[in-house]
């Protein structure tokens with residue numbers, strides 16, 4: 001009789017570097033500071049604070065647009081009275097509360113599994129199959 005050869009499965013070990021994910025999320029934050037005067041009257045102080053907030057919003061928006069916006073391409077468009085084209089741009093936007101929740105989730109995973117999340121699986125290939133906004 002022949003002896004049966006044991007069947008061995010090929011198993012890969014996948015790894016996710018959680019500290020790298022956390023670092024990327026933290027580095028994506030834009031910080032802005034501005035100085036303003038302190039006034040005695042509340043109504044006047046409210047106006048000064050509101051103007052300071054608007055300047056900070058404009059500054060942060062300009063930084064985000066300059067550093068994070070991506071040119072997606074251009075195309076000619078129809079116009080009855082002149083030559084025209086449309087230029088397309090995109091930028092990821094994430095609310096600060098969403099980013100903080102992601103950071104908390106990554107912290108929890110790090111606490112439970114260490115800085116690298118490892119798991120055994122069959123060989124995997126991850127490829128995006130969705131198309132970003134086409135409009």
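Every number in this text was worked out from the coordinates using simple rules, so none of it is lab data. Since we're looking at a predicted model, the values are computed, not measured. Cβ: placed from backbone, ideal geometry, glycine included. Neighbour counts: every protein chain shown.
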* Bins of 10 Å, starting at 0 and running to the largest distance - Cα pair percent for the range 33-91 -> 19, 25, 20, 18, 13, 5
* Does the range 45-125 come out rounded, prolate or oblate, given a ≥ b ≥ c as the square roots of the eigenvalues of its C-alpha gyration tensor, rounded meaning a/c under 1.5 and, failing that, prolate meaning a/b above b/c? -> oblate
* What list do you get for 82, 55 if you sort them by fewest beta carbons within 10 Å? -> 82, 55
